[in-house]
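The values are calculated or read from the model by the stated rules, or taken from the named source; none is laboratory data. Predicted model, so just to flag it, every value in this text is computed and none were measured. Note that we place each Cβ from the backbone using ideal geometry, even for glycine, and neighbour counts take in every protein chain shown. With ligands, DNA and RNA removed, areas are computed over all heavy atoms of the protein, side chains included. Shrake-Rupley method; radii C 1.70, N 1.55, O 1.52, S 1.80 Å.
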Amino acid sequence: MTIPTSEMISVEDARARILAFFERLEPEQAPVIEALGQVLAESVVAGFDIPPLDNTAMDGYAVRAADTDGASEGDPRTLTVIADLAAGYVLDTAVGEGEAVRIMTGAPIPPGADAIVPFEETDEPLREPGQAPTRGDSVGVFKAARLGANIRRRGEDIETGQAVLEAGRVMRASEIGVLSSIGRTEVSVYRRPEVAILSTGDEIVTPGEERRAGQIYDANAHSVAALVRAFGGRPRLLGIARDTVEDLTAKIHSGLDADMIVTSAGVSRGDFDVVKDVLAREGAIDFWTVRMKPGKPLAFGAFEAPDGRRVPHLGLPGNPVSSMVAFELFGRPAIFKMLGRSGWERPIVRAITRDRVVNTDGRRFYARCIVTKGEGGRYYADLTGPQGSGILTSMSAANGLTVIPEDLPHAEPGDEIDVMMIDWEHPG
Ligand code: AMP
Ligand code: MG
């Protein structure tokens, strides 16, 4: 894995080297409601039909369709109402010729009935909210019912024995709903990775603590922790390591039971911190210069845990924008791979830049921008302000990152560019 520090590597190369180090984690039994974003490690088979019985899709009257033949407003068919049936109850009495059962959505179809006539097609007066039901002994039907009208068939959603979800499926809200509908409370999914996060630097203070002159608050640990959670991992903060061998070593050791350790700062060339020395001494590590902007300096390697396990280590640059962009490009795929998820790529849209984007140093430029839909339904990209890698507010205003190729020295207003969408929901 050793690469001379002077060599610039591409984003793809760095990512491939990093990904080679990760594997899908083992399955666990998780509560269904907690499994959002996790991947199914089992194929789930339904033990019963859904819906479990034929039932009505409308409020109205369960009838024998033949009894309503020829009905119209001027010539209604009058049926005898023999019962009222709410959802959750079953009626054993059969609907005979000339009879009807008043029935609520979701209630099982009584024996003998073969169609549902909605209230709107009867002479039952409309009920105001809060008003008691006005069931009479008979009902006039204004319209002929088709056989099977408004009946939801038993098993029309899920049949007994059907594989409802295959192993490998990502759990979204609808999968959580499907599993719940068949009564599951737990499910086998690949475990979420625990990501230990360590900030380094004598100048860094935890928010909430007193900040002396020359000190700054720790942005990175918190933004990266939020990304870890958003990508499906479990963040664990290790705190801030002072730039001393002892403190750094101790803090790294405290994270060796995690699935991955992420440090920030101290990896740039010519740094005075002891970070690089300690990282190198505690594990195998490479310091890379990645052909990207922001986030050029990056470290990747592994620490050895007391049990001999190799704990992957991603060393992010210190500048807050760089650390977020680098975690987006390298941390996200690593977490997805541990979760067993493919598709870590963000969607790329073609957008018309309204700004001039200058990119003369041969790196891929991930500039912070906001994409909005404009004239003719086309996407437009506006840079969100100064692009210094310490200017975190311009990250906050962004919903995308431009992907300006390494060999494109500038994009002019009106040019179409690629934008990697990191947050479609950001209002813009
Ligand atoms: P370094 O890589 O240590 O040279 O850090 C690069 C820049 O990032 C410096 O201006 C640091 O003060 C800043 N920085 C490092 N760590 C953090 C952090 N956790 N939060 C905010 N800024 C940081
Ligand atoms: Mg530093």
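Observations on the structure shown:
- Entirely in the stretch 109-215, the strands (runs of 3 or more DSSP E) that have 3 or more residues that are within 30 Å of VAL278 (Cα to Cα): 194-200
- Test for PRO347: is it in contact (Cβ under 8 Å) with a residue 60 or more places away in the chain and touching a strand residue (DSSP E or B) at 6+ places or on another chain (Cβ under 7 Å): yes
- Checked against the criteria, ALA83 does not count as open to solvent by 30 Å² or more (accessible area, probe 1.4 Å) and either aliphatic (A, V, I, L, M) or within 21 Å of VAL178 (Cβ to Cβ) (or both).
- Any pair with Cβ under 8 angstrom, 6 or more apart, that starts in the stretch 26-54 at a residue that is under 17 Å from LEU339 (Cα atoms) and in contact (Cβ under 8 Å) with a residue 24 or more places away in the chain and ends at one that is surrounded by fewer than 18 Cβ atoms within 10 Å (Cβ to Cβ) and among the acidic types (Asp, Glu): PRO27/GLU42; GLN29/GLU186; ALA30/GLU186; PRO31/GLU186; VAL32/GLU186; LEU40/GLU166; SER43/GLU166
- Test result for ILE240, away from ligand 1 (no atom under 14 Å from the Cβ) and modelled with pLDDT of 95 or more: no
- The residues listed here are PHE336, PHE365, PHE327; of these, the one that is closer than 22 Å to SER199 by Cβ and more than 16 Å from ligand 2 (Cβ to nearest atom) is PHE327.
- Conditions (1) open to solvent by less than 70 Å² (accessible area, probe 1.4 Å); (2) out of contact with any Ser or Thr (no Cβ under 7 Å at 6 or more places or on another chain); (3) not acidic (Asp, Glu): number failed by ARG172: (1)
- Looking across the stretch 341-363, the residues that are open to solvent by 30 Å² or more (accessible area, probe 1.4 Å) and within 30 Å of ARG229 (Cβ to Cβ) come down to ARG341, SER342, GLY343, TRP344, GLU345, ARG346, PRO347, ILE348, ARG363.
Here is a yes/no grid of residues against (1) within 19 Å of ASP13 (Cβ to Cβ); (2) not in a helix (DSSP H, G or I):
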{"site": "VAL311", "(1), (2)": "no, yes"}
{"site": "LEU314", "(1), (2)": "yes, yes"}
{"site": "LEU329", "(1), (2)": "yes, no"}
{"site": "PRO333", "(1), (2)": "yes, no"}
{"site": "THR360", "(1), (2)": "no, yes"}
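- In the stretch 213-224, the residues that are on the phi > 0 side of the Ramachandran plot reach residues that are within 7 Å of ligand 1 (Cβ to nearest atom) and not aliphatic (A, V, I, L, M) with C-beta atoms within less than 8 angstrom, at least six apart or across chains, in these pairs: GLY214/GLU203.
- The one condition in (1) away from ligand 1 (no atom under 14 Å from the Cβ); (2) within 13 Å of LEU198 (Cβ to Cβ); (3) more than 32 Å from the chain's Cα centre (by Cα); (4) not polar (S, T, N, Q) that ARG281 fails to fulfil: (2)
- Matching residues in the stretch 218-249 - criterion: being assigned to a strand (DSSP E or B), within 22 Å of ASP277 (Cβ to Cβ) and open to solvent by 10 Å² or more (accessible area, probe 1.4 Å): LEU238, GLY239, ILE240
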